[in-house]
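Every read-out reported here was derived from the displayed coordinates using simple, explicitly stated rules and does not represent laboratory data. This is a predicted model, so every value here is computed, not measured. Note that we place each Cβ from the backbone using ideal geometry, even for glycine, and neighbour counts take in every protein chain shown.
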Protein chains: 2
Amino acid sequence: MPRNQQILLDNRPQGEATAGNFRLVASDTPALQDGQVLVRHHYLSLDPYMRGRMNEGKSYAACQSLGQVMIGGTVGEVAESRHPAWAVGDAVVGMGGWQEYSVVDGNAPGLLRKVDTSHVPLSYYLGAVGMPGVTAWYGLVQIIDPKPGETLVVSAASGAVGSAFGALAKARGCRVVGIAGGPDKCHYVTDELGFDACIDHRAHGDLKSMAAALKEACPDGIDGHFENVGGHILDAVLLRANAFARVALCGMIAGYDGQPLPLHNPALILINRMKIEGFIVSEQMQVWPQALAELGALVASGRLRPRESIAQGLAAAPEAFLGLLKGKNFGKQLVKLI
Amino acid sequence: MPRNQQILLDNRPQGEATAGNFRLVASDTPALQDGQVLVRHHYLSLDPYMRGRMNEGKSYAACQSLGQVMIGGTVGEVAESRHPAWAVGDAVVGMGGWQEYSVVDGNAPGLLRKVDTSHVPLSYYLGAVGMPGVTAWYGLVQIIDPKPGETLVVSAASGAVGSAFGALAKARGCRVVGIAGGPDKCHYVTDELGFDACIDHRAHGDLKSMAAALKEACPDGIDGHFENVGGHILDAVLLRANAFARVALCGMIAGYDGQPLPLHNPALILINRMKIEGFIVSEQMQVWPQALAELGALVASGRLRPRESIAQGLAAAPEAFLGLLKGKNFGKQLVKLI
């Protein structure tokens with residue numbers, strides 16, 4: 001019975017989230033019952049959606065309960081099994097949460113998935129070939145549905161979702177323009193991820209400036225947009241949108257901490273005959289096999305090799321998470337647990 | 001060569017539109033050339049979209065040129081014809097504009113359409129069985145795509161689009177809630193148009209009050225919304241929207257005169273996984289035959305007999321139009337020209 005460290009949600013943020021919202025505890029892992037599997041987590045995924053779960057009230061998912069282990073995606077290996085379908089050493093991805101081990105019902109469909117690490121690094125199953133990658137795929141393929149030659153924009157372009165979006169969009173013959181924070185990330189987005197252009201939102205912090213930057217980067221206007229951030233970026237995209245432009249609304253991270261951030265001029269949705277659609281990829285399980293197959297092939301062939309930010313040890317998770325919310329990470333944010 | 005009165009756009013509104021933006025002129029109708037048809041207009045349609053055309057700048061259509069006859073739908077009869085397909089006395093619908101006569105190229109596809117007045121009054125081809133009716137149909141069928149039992153909301157419910165929306169939605173087994181201005185219109189919407197409930201937006205002029213009224217009228221939440229107005233009504237609908245709710249964005253009349261009206265909390269589009277889609281029915285000609293067939297059948301069977309506000313004589317058009325923008329009309333606003 002190995003010792004298991006866990007991070008619980010101790011109390012809810014008042015405005016900005018802080019390290020004091022979390023609490024680290026430790027206990028022995030329980031003895032397995034028939035049908036159960038003990039998974040040792042190698043990596044924990046940190047994702048912006050977790051901030052939304054920390055708030056009380058109406059959101060797209062049940063809020064994270066106080067005193068419970070923080071929700072989160074994990075990859076690891078089967079450490080002990082009392083279920084015939086799972087063998088010790090199997091590489092698995094699941095939703096193990098912010099802890100070192102999890103006990104999983106081996107019969108429950110979808111809780112654990114075996115993964116092949118021969119061509120794809122294990123950690124990528126939390127990023128490019130995991131939930132963030134499928135998120136990019138869904139927004140691009142199911143909502144934006146681009147034609148070759150169209151211009152697409154994605155905010156948070158250097159992150160896990162944005163980098164996958166770029167590779168998927170380039171594979172479809174689109175012009176892809178990223179938005180990211182700071183010159184280092186912007187250079188990474190164009191030079192390493194292969195975007196056609198990248199706009200530094202720190203250098204374009206107001207609507208007018210961002211709209212001008214988008215005009216320069218998108219001389220033919222914007223046909224599709226993948227929104228991870230909200231706020232003045234979305235306002236500016238609407239000003240540069242072409243007729244029949246499509247917006248996949250995936251994150252509104254800019255508004256997590258306080259008052260709602262308004263959309264400045266929604267009449268542009270009508271003027272441009274646009275479609276804006278919000279989605280949660282975990283409700284769209286039917287697309288995962290197709291999306292994961294394409295993403296895995298992009299990784300295996302070297303066309304998608306996004307960067308990772310790796311924090312070391314479970315205790316580092318809260319600070320890494322708070323940094324992610326402020327854009328301090330560079331690429332997919334992970335916590336390495338062993 | 002009968003005398004033809006015309007109303008031109010003389011100058012563009014600064015803020016609110018006024019009668020001084022228009023100018024009435026008269027001239028002889030020109031002699032017809034081969035292939036041309038002279039149409040005498042019986043009714044001119046007044047519609048909110050015309051206000052948008054009066055502004056300069058980016059909109060969904062070329063703006064109305066200064067010094068030209070105001071654009072507008074008309075029904076009338078062929079008064080003279082030099083085209084074999086059109087006979088004197090044919091009842092026709094077209095886009096004749098704010099004038100008593102128009103000369104039309106009889107060969108141009110779509111400019112004129114013959115209509116049958118045996119079961120449908122001629123004026124209805126400008127309303128329930130015309131552009132407003134097809135607008136309601138498109139938003140309902142192509143964007144909202146409702147299931148029986150769902151709750152749908154429509155603003156400007158007593159108007160031409162709203163009344164058609166109500167009849168189409170009831171025919172699909174939905175609960176339909178209208179929003180209209182004043183108790184008379186609200187009673188008309190429930191008692192004569194057959195809506196399940198109607199909210200007086202004058203009695204609920206702020207977000208909180210409108211949201212509370214929607215909660216009462218839509219105890220199971222809102223699954224679909226047809227937006228003709230914008231402003232705090234759309235904000236309130238987002239607060240009461242169910243997961244996967246759909247919004248057809250057809251008009252943002254509240255914002256025509258001045259500064260853009262913001263959308264208070266666009267994060268709700270994501271939280272509710274909503275779709276918001278703007279459209280212009282004149283770009284969707286492929287649906288017109290199917291839509292007109294259903295609307296004509298609803299009228300012929302008495303299930304859709306909306307009210308009309310009829311101004312008399314072309315000179316009355318500007319005041320009637322300004323009244324329409326302020327909600328002074330009751331039902332479809334027309335100008336009777338003969």
Around B:SER301 (Cβ within 14 Å, Cβ-to-Cβ, excluding B:SER301; K/R +1, D/E -1) the net charge comes to +2
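I want the local charge near B:VAL37. Using Cβ-Cβ distances under 9 Å, sum +1 for each Lys or Arg and -1 for each Asp or Glu among the other residues. Walk me through the intermediate numbers first.
Working: positive: B:ARG82; negative: B:GLU80, B:ASP90, B:ASP105.
Result for the local shell: -2.
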Can you list residues from other chains, or at least 5 along the same chain, whose modelled amide H is less than 5 Å from the amide H of B:LEU304? B:VAL299
With x for Gly and Pro, the residue-by-residue ³J(HN,Hα) of segment B:91-107, computed from phi through the Karplus equation 6.51 cos²θ - 1.76 cosθ + 1.60 at θ = phi - 60° and given in whole Hz, is 7, 9, 10, x, 10, x, x, 7, 7, 7, 9, 9, 9, 10, 6, x, 8
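Where nothing but the Cβ of Lys and Arg (+1) and of Asp and Glu (-1) is charged, how large is the charge dipole of the protein assembly as shown around its Cα centre, in debye to the nearest 20? The partial results should precede the final answer.
Working: 58 positive and 62 negative charges, 22 e Å.
With only Lys, Arg, Asp and Glu charged at Cβ, the dipole is about 100 debye.
Taking 27 Å as the cut-off for C-alpha to C-alpha distance, list the pairs among B:LYS114/B:LYS275; A:LYS147/A:LYS326; A:LYS147/B:LYS114; A:LYS170/A:LYS275 that go past it.
On the way: B:LYS114/B:LYS275 37 Å; A:LYS147/A:LYS326 34 Å; A:LYS147/B:LYS114 38 Å; A:LYS170/A:LYS275 22 Å.
In this structure, B:LYS114/B:LYS275; A:LYS147/A:LYS326; A:LYS147/B:LYS114 lie more than 27 Å apart at Cα.
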Between B:SER301 and B:ASN107, Cβ-based FRET efficiency (R0 30 Å, step 0.05) works out to 0.25
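Suppose every Lys and Arg Cβ carries +1 and every Asp and Glu Cβ carries -1, with no other charges. What dipole size does segment B:1-147 come out with about its Cα centre, to the nearest 20 debye?
Details: 11 positive and 13 negative charges, 59 e Å.
The dipole of segment B:1-147 has a size of about 280 debye.
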Show the residues, 5+ positions off or on another chain, whose built amide H is closer than 5 Å to the amide H of A:PHE330. A:SER309
How large is ³J(HN,Hα) for each residue in segment B:265-282, as worked out from phi by the Karplus curve 6.51 cos²θ - 1.76 cosθ + 1.60 (θ = phi - 60°), to whole Hz, x for Gly and Pro? 9, x, 4, 5, 4, 6, 4, 8, 6, 8, 10, 10, 9, x, 7, 10, 5, 5
Given a Förster radius of 51 Å and the C-beta distance between A:ASP34 and A:GLU192 as r, what FRET efficiency does 1/(1 + (r/R0)^6) yield to the nearest 0.05? 0.60
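By how many nm would the segment from B:MET1 to B:ARG82 grow when fully extended, if each residue of separation counts as 0.36 nm and the alpha-carbon distance is taken off? Don't skip to the end; give the middle numbers.
Values: separation 81, 0.36 × 81 = 29.16 nm, distance 1.42 nm.
Answer, rounded to one decimal: 27.7 nm.
As a footprinting exposure proxy, order A:CYS218, B:CYS250 by other Cβ within 10 Å, with the fewest listed first.
Numbers: A:CYS218 23, B:CYS250 30.
Result, fewest neighbours first: A:CYS218, B:CYS250.
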Pairwise label distance in nanometres, A:PHE244 with A:ASN55, each label 7 Å out on the Cα-Cβ vector: 3.5
Cβ-Cβ cut-off under 15 Å around B:SER209, Lys and Arg +1, Asp and Glu -1: the net charge is 0
Under 5 Å between amide H atoms, partner at least 5 residues away or on a different chain: which partners does A:GLY194 have, H built in plane at 1.01 Å? none
Find the centroid of the Cα atoms in segment A:290-338 and in segment B:164-204, then give the distance between the two in whole Å. 51
Reachable aspartates and glutamates, given that their alpha-carbon falls under 19 Å from the alpha-carbon of B:LYS208 and they are not under 8 places away in the same chain: B:ASP200, B:GLU216, B:ASP220, B:GLU227, B:ASP235
What shape does segment A:131-282 take by its C-alpha gyration tensor, where a ≥ b ≥ c are the square roots of the eigenvalues and a/c under 1.5 counts as rounded, a/b above b/c as prolate, and the rest as oblate? rounded
A:CYS186, B:CYS63, A:CYS198 arranged by Cβ crowding within 10 Å, fewest neighbours leading: B:CYS63, A:CYS186, A:CYS198
Filtering trypsin sites (Lys or Arg not before Pro) in segment A:5-69 by DSSP loop and by at most 15 other Cβ atoms within 10 Å leaves A:LYS58
Diffing segment B:4-16: the Karplus 3J(HN,Hα) column from phi (6.51, -1.76, 1.60, θ = phi - 60°), in whole Hz with x for Gly and Pro, holds 10, 7, 9, 10, 9, 7, 8, 7, 8, x, 9, x, 5
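Report, in deg cm²/dmol and to the nearest 500, the calculated mean residue ellipticity at 222 nm for chain A, where each DSSP H run with n ≥ 4 adds -39500 (n - 2.57) and the sum is divided by the residue count. It would help to have the intermediate numbers written out before the result.
Working: 9 runs with 77 residues, N = 338.
It lands at -6500 deg cm²/dmol.
Go through segment B:169-258 and name the trypsin sites (Lys or Arg not before Pro) that are in a DSSP coil and have 13 or fewer other Cβ atoms within 10 Å of their Cβ. Before the final figure, lay out each step's value.
Working: sites: B:LYS170, B:ARG172, B:ARG175, B:LYS185, B:ARG202, B:LYS208, B:LYS215, B:ARG240, B:ARG246; in loops: B:ARG172, B:ARG202.
Answer in residue order: B:ARG202.
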Counting only C-alpha contacts under 8 Å and six or more residues apart, can you give the relative contact order of chain A as a whole percent? 18
